[in-house]
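Below is a structure I'd like to ask you about.
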Amino acid sequence: MNLRADFETAFGRPPEGSWVAPGRVNVIGEHTDYNDGFVLPIALPQGVVATAARRDDGLLRMVSRQADGRFEIPVDGLKPGDVDGWAAYVAGVVWALREAGHDVGGLDVLVDGDVPLGAGLSSSAALECATALAATELYDVAVDRPTLARLAQKAENDFVGVPCGIMDQSAALLCERDHALFIDTRSLATEQVPLDLAGHGLALLVIDTKAPHRLVDGEYAARRRVCEKVASDLGVPALRDLENTPIEATLARIADDTARRRVRHVLTENERVRQTVSLLRAGSPRDIGPLLTASHASLRDDYEVTVPELDTAVDAALDAGALGARMTGGGFGGCVIALVDADAAEAVARRVAEAFATAGFRAPQWFVATPSAGARRLA
Ligand code: GAF
């Protein structure tokens, strides 16, 4: 059944439109966004679609093709804690828009999507951003996309209760086809950096390790707290503000060994993002491999957000000839990306699967990511 027919079955009337927002993989720049640093994601071809119509009784009704249940709540008086599960991401965006003073009323929303869930490919941000586009277009609210990204992040931070940075929402709303998006997460200034992998005989392999996410929320929040405390102890608004001081001099001012390593990751990762962007601007995507691998080592050893499945996947991919490989996203499970010669993609993926079988891990899944378009209206 198509979306229109499903919507009519769910809500007894036709929709007014459908809006899609993509999932993402981050090429490089991990755990830098909540430190006002730099990131370089691409949008995936997979996305989340919100099919919607306005209601004049102020009710928000939500149904998903991927989950059972039906949620119904008045938008007036909506507050954090009122809605759980996937529907909190939809309701949170409506809440954030209304909190910002925008006149968004009732809606019927049918959610559908093909972003693998729980794989760290930002299905949540995609859901938020598809909803944000639907609500703002239907209610004629004029908000630019960087502002919409901030509102979607606010929905996730304050309504859902996840202390994420701004990368995933910005990627969903601002990425363009055939480009990586270089984001300064402080100003939200962006640069579309051409990424023609196929033209260089390359492919970006995404390997979903299927590792159960362990301790994600608590560990993520703990990393964030350490970074914020060091910034405050050193008298700067964010770790980003230490970039003009030599790294060794900054690190020498941090007594605690764990905090020092966390900060070393963030500062060196920002530098790797810049170097990656320079290589891509120069038309040398092949040469970014060692930066990806160095990013993984830093996330493993200094930031300590990898798990054995992520490290095994990276090692096996490199053994099989990948030019570079790293975990992508928040870590503690999720996906690895590997930059490979296009004709070697399958062999590299097979080698990772073999290494997983030997280690007794769940079988991984893989696909080749092409830099795809950001959020848009479908119909
Ligand atoms: C998650 C968060 F949602 C992002 O904001 C970012 O911090 C990322 O982890 C790590 O780079 O995806």
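Can you give the calculated 222 nm mean residue ellipticity of the chain, where each DSSP H run of n ≥ 4 adds -39,500 (n - 2.57) and the sum is split over every residue, rounded to the nearest 500 deg cm²/dmol? Mind dumping the intermediate values first?
Numbers: 11 runs with 145 residues, N = 379.
One gets -12000 deg cm²/dmol as the mean residue ellipticity at 222 nm.
Convert each backbone phi in segment 282-288 into a coupling constant with the Karplus relation 6.51 cos²θ - 1.76 cosθ + 1.60 (shift: θ = phi - 60°), then list the ³J(HN,Hα) values in order as whole Hz, x for Gly and Pro.
7, x, 10, x, 4, 7, 7
So, one more: If we count every other residue with Cβ under 12 angstrom of Ala152's Cβ, Lys/Arg +1 and Asp/Glu -1, where does the sum land?
Numbers: positive: Arg145, Arg150, Lys154; negative: Glu128, Glu156, Asp158, Asp168.
After counting each charged neighbour, the total is -1.
Tell me which residues come under 5 Å, amide H to amide H, from Trp366 once H is placed; ignore anything under 5 positions away on its chain.
Asp208
Over all directions, what mean area does the Cα convex hull of segment 65-169 project, stated in square nanometres?
The orientation-averaged projected area of the Cα hull of segment 65-169 comes to 6.2 nm².
What residues have an amide H closer than 5 Å to that of Gln46, excluding those fewer than 5 places away on the same chain, when H is modeled at 1.01 Å from N in the peptide plane?
Gly23
Around Arg177, with a cut-off of 12 angstrom between Cβ atoms, what is the net charge of the other residues, counting Lys and Arg +1 and Asp and Glu -1?
Once positives and negatives cancel, what remains is -2.
In addition: Which three extents, in whole angstrom, do the alpha-carbon atoms of segment 3-194 cover along their principal axes, largest first?
Each principal axis gives a Cα extent; for segment 3-194 these are 44, 31, 28 Å.
Over 10 Å intervals from 0, what percent of Cα-Cα pairs in segment 238-297 sits in each interval?
The calculated distribution, bin by bin, is 21, 44, 27, 7, 0.
Within a 10 angstrom radius of the beta carbon, how do Thr276, Thr358 rank from fewest other beta carbons to most?
Ranking Thr276, Thr358 by Cβ neighbours within 10 Å, fewest first, gives Thr358, Thr276.
Beyond 25 Å, what percent of the Cα pairs of segment 198-369 remain?
Details: 5616 of 14706 pairs.
Of the Cα pairs, 38 percent sit more than 25 Å apart.
While we're here: How many percent of all Cα-Cα pairs in segment 1-77 sit more than 17 Å apart?
Values: 1784 of 2926 pairs.
Everything past 17 Å amounts to 61 percent.
Next question, about the same structure. Rg to Rh ratio, the chain, alpha-carbon atoms and Kirkwood radius?
Computed over Cα atoms, the ratio is 0.98.
Quick note: the coordinates plus some simple rules give every number you see, no bench work behind them. Please read all numbers here as calculations on a predicted model, not as lab measurements. Here the Cβ is made from the backbone with ideal geometry for all residues, glycine too, and neighbour counts use every protein chain on show.
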